Amino acid sequence: MKLARRIGVRAVEYLAVPAAIVTLWQLASMAQLINPVFFPAPLEVWGSLRQLAGPGPMRDGLRITVESMLVGWVVAGAMGVVAGTLIGRSGLIARATGPALEFLRATPPSIVVPVLILFLGTGQRMELAVIVFAAVWPVLLNTVHGVRTTDSVLLEAAASLRLSRRAMISKIVLPSAVPSILVGLRISLAISLIAAVVAEILGSSGGLGTFIVFARSRFQSPDIYASLVVLGVIGYLSNGLLRLAERQVLRRASAIGALGAEL
Amino acid sequence: MPAVSRHALPAAIPLGLTAAWEVIARALGYDSFPPPDRVLPAFWELLSTGALWTNTAHTLAIVLAAWVVSGVTGITVGLAIGLVRPAWRMSQTSIEFLRFIPPVALIPVVIIIYGFSNTTELVVAAYAAVWPVILNTGSGVAQVDRRLLEVGRLLRLGPLDVVRKLVLPSALPAIAVGLRLSLAISLIVVVTTEMVGVPDGLGFQLVSSSQALHQDRVYAYVVWIGNLGLLLAVLALWAERLVMPWRRPVRAEL
Amino acid sequence: MTYATANGRREVLRELSFEVGEGEFVCVAGPSGCGKTTLLRCLSGLLRPSGGEVWCRDRRVTEPPPDMALVFQDYSRALAPWRTVAKNVQLGLEGRLRRGERSARTERALAMVGLTGHERDYPSHLSGGMQQRVQIARAIAYEPAVLLMDEPFASLDALTRFKLEDTLLDVWAKLRQTIVLVTHDLDEAIYLGDRVIVLSAPPTRIVADVAIDLPRPRDQLVTKADPRFTLLRQQLFERILEVERAREADDASG
């Protein structure tokens, strides 16, 4: 009985604040205390969200955004792991590429959009390019870190067993870098979503970003807010799922610290 | 390794790439891919007419303002949720949901409210930049070594002293990481806002040049903004080292 | 001081009751896991015993009292890495004494542990033994009536341990506080104390409470060569074994 009560209290704690905010907002709207164009009532936003139930521009937009986000993420992930392993293993490559990578990494992804538009137009190909450009860094950096911090004793033991270079990487280095890489992939997914929306707003590849711009030009605030909610949910769910996967993997791997800073 | 070759290697790739750029661009002859020897004069022109400075000043001013606002807000909120366990739990849902809303998606809403103004840039950037500060501060505060807190109890330090003398300094490395991230994010978001709606600053110039088909200027701006980002990152690392002389800064990671 | 306790669900300390006289140096020895640290934490007010009471100078101890100090075993976690040695020592004095008085006490404390000249160093620059001295200096500067020490030298190598044991004896000779020192090392307990209390394995009880009549000042070579030292050690070991065997017999007969 006590356990059930504790779970109940916890549930309330987690949901209290959002529930309170939404309720107050709705009441304020109904009392006409806030501008409906700036802050549409939650019930109207809900009405707009119901568009998703059937075919329409919002659902198409959602599909395009999620598709681009996932494809871009996978490509960025693969590139990041490969490049990260190379850089992590070779001091030479690390020093040579260091400054160039630092520069690219600090470059806001949005500013490469005009350049990419010149080459790839404003469609989904441009969007994917932006996503990959933005999302590769967390994976790359975390892979480098994971590879570099492979236990040196383990490496020596493997060397004494005369493992080939390929075996060394696939059996020792990469597995021990997995926790770090997973964190990088999780952060990279969040960035993929952001980059996707940036590309969609600056270009015209469809997707929720474009949908938002369209809604703004018609002052359809409920549509805009509904899209924001959808984006928030996508981010929340994908992050949560990856965190669960991370925990599962980490439970079996040894606790080698991954770069932990929170985005 | 002798000094010359130690510096030569890192310089090799950028120089090599620039040379390759020159050669390929000349060979292709596309308007959309100007070689460096066309971009450089464009850059010089922007520099000498002062256009570069005024726009940089505008963008940087807002970046710094947003950074300060998000820093103060983030540290305060982070302290609160790090110190008070129930507060952490109650804020989790909201934080985990709100932080994933892409800031760029908020620009249209904020434009509706504040128009095409500096305030819009500030609001969107501060919103985006506050999350790493909140999260890193919160976790830094929550993870203060228990032993140190016990020392505080044994020396009978008051709660304010505990926070001021033990908790905050202990969490400082984590807070610093959060602030570094938020600076980078401020720059990115301010520039993006200028590209998407607010007609002022470096982002706007970039987009206008692109629309006016001044490709050489576009590239000039891209390189310039990239270097600005790098500069800010380096300054932030340097400042971190200054503030915490007793340790080396956490190597930059996202 | 009277102390008696029984600890709750995980019964760590079953029945303990003893008194410590003012200015007495008492060592509490026992095997790992017998609850020595728990005992000390209860004495210091960090932990509330589930049964029984702690009294210090006619006042009941329910939270850390102003006239007690505790020195931890893990010195690196108990010192603030961002504070210099001097600032660490002053931690308990800030806001309570004026600056002049604070510096004076800090100087004196550091001199007593042999760290004059290291005021401006950071803990991370010091060896383990030196860091532990800083912690002791902090406790001294606080000028407590009772000094509690939780296996203070267990994390140090043998030579450093001997040096610090003697440093502690010097300090005590000058200041004559009441000291309760917990250790797993029976030799150390006999060498340092006026009195040794030996604890059994859990559920813990007092196995022996013996006065140490070795002459003071103690000396690492002379005292340990004294036949009475060996005799005491033998007596205590025998007592411990007796209790062990009695318990095993009890367990066997169910």
Please report the spacing between the Cα centers of the stretch C:72-101 and the stretch C:147-170 in Å, no decimals.
20 Å
Enumerate the aspartates and glutamates that C:Lys224 could reach by cross-link, defined here as Cα to Cα under 12 Å, with residues fewer than 8 away along the same chain left out.
C:Asp187, C:Glu188
Cross-link reach from B:Lys165 to lysines, straight Cα distance under 24 Å and at least 8 residues apart if same chain, gives C:Lys87
One finds the C-alpha centres of the stretch B:135-152 and the stretch B:41-63 to be spaced, in Å, by 44 Å
Excluding residues on the same chain fewer than 8 positions from C:Lys174, give the lysines whose Cα lies under 19 Å from its Cα.
C:Lys163
Using the 2.2 N^0.38 Å rule of thumb for compact globular proteins, work out how chain C stacks up: its C-alpha Rg over that value, please.
1.04
Debye intensity ratio in log₁₀ form over the Cα atoms of the stretch A:1-154, taken at each q of 0.21 Å⁻¹
-1.20
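Over its Cα atoms, what ratio of radius of gyration to 2.2 N^0.38 Å does the stretch C:68-120 give? Don't skip to the end; give the middle numbers.
Working: Rg = 11.2 Å, N = 53, 2.2 N^0.38 = 9.9 Å.
Normalised by 2.2 N^0.38 Å, the Cα Rg of the stretch C:68-120 equals 1.13.
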Near B:Leu187, within a Cβ-to-Cβ distance under 14 Å, what is the net charge of the other residues, with Lys and Arg +1 and Asp and Glu -1?
0
Using a 1.4 Å probe on heavy atoms of the protein chains only, the accessible area for B:Ile112 in Å², nearest 10, reads 30 Å²
The stretch A:161-206 - Rg over Rh from alpha carbon coordinates, Kirkwood radius:
1.35
Pop out the carbon and sulfur fraction of the accessible area of the stretch B:35-243 as a percent, whole number, probe 1.4 Å.
71 percent
For the stretch A:187-258 and the stretch A:104-149, what is the centre-to-centre distance using only Cα atoms, to the nearest Å?
16 Å
For chains A and B, what's the summed buried accessible area, probe 1.4 Å, to the nearest 100 square angstrom?
5200 Å²
Simple SL model, points at 7 angstrom along Cα→Cβ for A:Asp60 and C:Leu231; separation in nm is 10.2 nm
How much of the accessible area of the stretch A:56-262, in percent, comes from carbon and sulfur atoms when a 1.4 Å probe is used?
66 percent
With every protein chain present, what accessible area does A:Arg6 have (1.4 Å probe, heavy atoms only), rounded to the nearest 10 Å²?
150 Å²
If you plug each phi of the stretch C:56-61 into the Karplus form 6.51 cos²θ - 1.76 cosθ + 1.60 with θ = phi - 60°, what whole-Hz ³J(HN,Hα) values come out, in order, with x for Gly and Pro?
10, 6, 6, 10, 6, 9
Mean per-residue count of partner chain Cβ within 10 Å for B:137-143 equals 1
Quick check on the stretch B:128-254: what does the Kirkwood estimate of hydrodynamic radius come out to from the alpha carbon pairs, in Å?
17.1 Å
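Keeping every protein chain in place, order C:Ser76, A:Ser227 by accessible area at 1.4 Å, biggest value first, i.e. largest first.
On the way: C:Ser76 75, A:Ser227 0 Å².
If we order C:Ser76, A:Ser227 from most to least accessible, we get C:Ser76, A:Ser227.
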Rg followed by Dmax, in Å, when the protein assembly as shown is reduced to its Cα trace
32.8, 100
With -39,500 (n - 2.57) per DSSP H segment of 4 or more residues and division by the full residue count of chain B, the 222 nm estimate, nearest 500 deg cm²/dmol, is -27500 deg cm²/dmol
Output the Cα-based Rg and Dmax of the stretch B:50-100 in Å, rounding Rg to one decimal and Dmax to a whole number.
16.5, 53
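When only the heavy atoms of the protein chains count and the probe is 1.4 Å, how do A:Leu208, A:Leu70 rank by accessible area, highest first?
I get A:Leu70, A:Leu208, largest accessible area first.
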With a 1.4 Å probe and all protein chains in place, put C:Glu244, C:Glu63 in order of accessible area, largest first.
C:Glu63, C:Glu244
What residues in the stretch C:32-66 lose 50 Å² or more of accessible surface when the other protein chains are added to their chain alone (1.4 Å probe)?
C:Leu46, C:Pro64
Suppose the Debye formula is applied to equal point scatterers at every Cα of the stretch A:120-208; what is log10 I(q)/I(0) at q = 0.13, 0.16, 0.23 Å⁻¹?
-0.56, -0.68, -0.97
What does the stretch A:56-262 give for Rg and for Dmax, in Å, if only its C-alpha atoms count?
19.4, 69
Taking θ = phi - 60°, what integer Hz values does the Karplus form 6.51 cos²θ - 1.76 cosθ + 1.60 yield along the stretch A:166-171, in sequence order, with x for Gly and Pro?
4, 5, 4, 5, 6, 9
What's log10 of I(q)/I(0) for chain B at q = 0.08, 0.14 Å⁻¹, Debye sum over Cα points only, no solvent?
-0.44, -1.03
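The values are calculated or read from the model by the stated rules, or taken from the named source; none is laboratory data. Treat the numbers as computed from the prediction; the structure is a model and nothing was measured. So basically every Cβ, Gly included, is an ideal-geometry build from the backbone, and we count neighbours across all protein chains shown. When the accessible area is computed, the model is the full protein with side chains, heavy atoms only, and any ligands, DNA or RNA have been set aside. Shrake-Rupley method; radii C 1.70, N 1.55, O 1.52, S 1.80 Å.
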